[in-house]
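Working notes, structure below.
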Amino acid sequence: MAWGSYSEPMSAAPATKTPRPRILIVGGGYVGLYTAMRLLKKLRDDEAVVTVVNPRSYMTYQPFIPEAAAGAVSPRHVVVPLRRVLRGAEIIAAKVTEINHASRTATVQPLEGDAYPLAYDHLVMAVGSVSRTLPIPGLAEWATGFKTVEEAIQLRNRVLECLDIAESTHSPEIRERNLNFVVVGGGYAGVEALAELEDMARYATRYYPGIDADEVKFHLVEATGQILPEVGPEMGVWTLEQLRKRGIDVKLETRLESCVGGHVVLSDGTEFDAETVVWTAGVKASPVLQKTDLPLNERGRLLADATLRVVGTTNAWGAGDGTAVPDLSTDDHRECAPNAQHAVRQSKVLADNLIAALHGSAMHEYKHKYVGSVAGLGLYKGVANVYGIKVKGVPAWFLHRTYHMSRVPTLNRKVRVIVDWTMALFFKREIVSLWSMHEPFNEFQAAAAPPARRVPPAA
Ligand SMILES: Cc1cc2nc3c(=O)[nH]c(=O)nc-3n(C[C@H](O)[C@H](O)[C@H](O)COP(=O)(O)OP(=O)(O)OC[C@H]3O[C@@H](n4cnc5c(N)ncnc54)[C@H](O)[C@@H]3O)c2cc1C
């Protein structure tokens with residue numbers, strides 16, 4: 001067991017105290033949102049203050065990120081506004097940078113201004129995970145992740161912008177580079193991102209008479225010998241065949257060696273230029289856990305027991321991607337995999353056990369048998385393996401949508417997503433790139449800059 005390292009907070013100001021005990025939830029994703037919702041529902045107002053610290057004012061429903069990238073769902077509809085849903089909670093748009101659990105103090109770094117200490121009585125670590133990267137030359141500068149809605153919007157605009165660039169240039173090199181799209185990592189995030197973007201790009205080429213659909217090359221690079229392990233080996237092989245039938249170049253047992261300046265080099269010797277490289281090769285526990293005095297395992301996940309309480313503590317709790325929770329449904333009690341299925345169910349048990357601790361009543365252990373997975377592979381395409389029932393194609397796509405519809409938090413979001421899908425049935429897909437929104441000041445700065453006068457050559 002390793003312990004996170006903690007150094008004294010820089011500010012000597014007294015930690016903010018409340019007359020009621022404070023339950024501090026660090027992170028406003030799946031675990032943060034669902035835990036806070038349940039605590040607010042079950043606790044009386046005078047029993048505790050629920051404080052949620054999250055850098056963004058919304059929770060992201062990550063399974064819809066691929067559909068947001070493809071334009072099937074509006075990006076605003078895949079996020080849940082914390083202030084509206086968690087009425088009665090204190091929401092702080094900030095990052096926690098350190099935790100000194102011995103003194104029950106978190107250091108909070110607001111969006112602007114100095115960091116300050118925040119005192120708490122109970123701590124819920126719900127910080128999730130970040131992309132797990134490797135020291136691959138060019139990766140940090142050239143590639144993009146696929147964990148946030150901002151990355152999804154950026155990627156959608158980029159793919160469409162690449163089509164615009166490819167069609168408008170006279171340079172074969174620029175054209176080829178812009179028509180190569182690389183996704184590294186064959187888990188559900190990578191496969192869904194690749195499949196949805198390819199589907200969108202293929203559709204968009206109808207409106208680009210200068211680009212043949214077969215010129216658009218999507219490459220999936222996976223280090224192991226299979227893709228989509230979440231749906232089991234048989235469905236993984238089926239998905240692989242489907243992707244290859246669509247002309248997608250899937251390379252198994254292959255690694256990205258480098259992508260300096262967009263020049264992609266793979267371990268099988270293949271080299272080509274690609275403007276777009278997406279990295280989805282796994283996640284690791286949020287690095288802020290290292291800045292705590294709480295116990296961590298060798299992969300940096302917080303160590304919790306099956307009641308979701310952090311090992312060796314009475315009032316620190318953890319769940320979701322950032323926490324190693326023993327999976328009591330397995331013989332060896334290996335740790336639960338990082339997925340939404342566990343995160344949502346763990347939140348319920350965590351909130352109930354935290355309330356039990358406050359009331360001095362009995363706690364329960366978390367036990368959930370993984371039920372399988374559903375994945376969207378583009379419009380009317382999908383794959384699923386749920387409770388051992390294997391489903392492919394349109395029925396799996398329908399199952400994927402129905403399942404996530406039932407899961408996306410709040411009625412408000414469910415209705416908005418259904419409206420997006422219904423509109424898409426009646427109207428054609430949007431194929432406009434708003435790439436310039438990523439550089440919104442350029443136009444004004446160019447207008448404001450003094451015009452450079454052309455100097456006539458001396459007579
Ligand atoms: C593209 C994609 C598709 C997916 N599809 C599926 C699927 O189909 N099925 C499935 O089961 N799972 C899926 N997942 C995985 C699932 O979304 C995660 O397992 C789940 O979000 C984990 O919940 P969490 O609360 O632990 O972390 P998150 O939901 O990631 O929330 C963590 C929160 O903590 C915040 N945070 C981090 N550090 C700090 C800090 N220092 N201070 C304050 N706040 C902080 C983050 O900003 C974030 O809001 C998918 C993931 C992705 C990326």
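The values are calculated or read from the model by the stated rules, or taken from the named source; none is laboratory data. All values derive from a computational prediction rather than experimental measurement. Neighbour counts run over all protein chains shown; Cβ positions are idealised from the backbone, glycine included.
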Subset of the range 302-333 (residues that are within 16 Å of the ligand (Cβ to nearest atom) and out of contact with any Gly (no Cβ under 6 Å at 6 or more places or on another chain)) | LEU303, LEU308, ALA316, TRP317, GLY318, ALA319, THR323, ALA324, VAL325, ASP327, SER329
Selection status of SER74, farther than 22 Å from ALA343 by Cα and more than 9 Å from the ligand (Cβ to nearest atom) | yes
Restricting attention to the range 394-406, does a residue exist that is among the polar types (S, T, N, Q), farther than 30 Å from ALA72 by Cβ and in a helix (DSSP H, G or I)?
-> no
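Residues are listed down the side, and each one gets a yes or a no for (1) in contact with a Pro (Cβ under 8 Å, 6 or more places away or on another chain); (2) β-branched (Val, Ile, Thr); (3) over 20 Å from LYS147 (Cα atoms):
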| residue | (1), (2), (3) |
| --- | --- |
| VAL191 | no, yes, no |
| LEU194 | no, no, no |
| TYR203 | no, no, yes |
| PHE218 | no, no, no |
| GLU222 | no, no, no |
| GLU230 | no, no, no |
| GLU234 | no, no, yes |
Test for VAL391: is it outside any helix (DSSP H, G or I), of a type in the set (A, V, I, L, M, F, W, C), modelled with pLDDT of 90 or more and outside the structural domain of TYR30 (by TED's automatic domain parsing) | yes
Residues located in the range 340-364, provided they are assigned to a helix (DSSP H, G or I) and of a type in the set (Ser, Thr, Tyr) = SER347
Just to be sure, is LYS367 away from the ligand (no atom under 12 Å from the Cβ), outside any strand (DSSP E or B) and not assigned by TED's automatic domain parsing to the domain that holds ASN100?
-> yes
Residue list for the range 199-228, restricted to those being β-branched (Val, Ile, Thr), within 20 Å of PHE272 (Cα to Cα) and buried (at least 22 other Cβ atoms within 10 Å of the Cβ) | VAL216, VAL221
In the range 157-186, how many are part of a helix (DSSP H, G or I) and of a type in the set (Val, Ile, Thr)?
-> 3
Looking at the range 108-148, what strands (runs of 3 or more DSSP E) fall wholly within it and have at least 3 residues that are more than 14 Å from LEU256 (Cα to Cα) and touching a helix residue (DSSP H, G or I) at 6+ places or on another chain (Cβ under 8 Å)?
-> 122-125
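Check LEU134, LEU155, LEU118 and return the single one that is within 16 Å of the ligand (Cβ to nearest atom) and within 30 Å of VAL310 (Cα to Cα). Step through it out loud before you land on a result.
Numbers: LEU134 fails: within 16 Å of the ligand (Cβ to nearest atom); LEU155 fails: within 30 Å of VAL310 (Cα to Cα).
Answer to the check: LEU118.
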Quick one: which strands (runs of 3 or more DSSP E) sit completely within the range 42-91 and have at least 2 residues that are surrounded by 15 or more Cβ atoms within 10 Å (Cβ to Cβ) and over 17 Å from the mean Cα position of the chain (by Cα)?
-> 49-54
So, of the residues in the range 278-298 that are within 20 Å of TYR188 (Cβ to Cβ) and more than 10 Å from the ligand (Cβ to nearest atom), which turns out to be surrounded by the most Cβ atoms within 10 Å (Cβ to Cβ)?
-> TRP279
Residues in the range 105-120 that are of a type outside the set (Ser, Thr, Tyr) and in contact (Cβ under 8 Å) with a residue 24 or more places away in the chain: how many?
-> 8
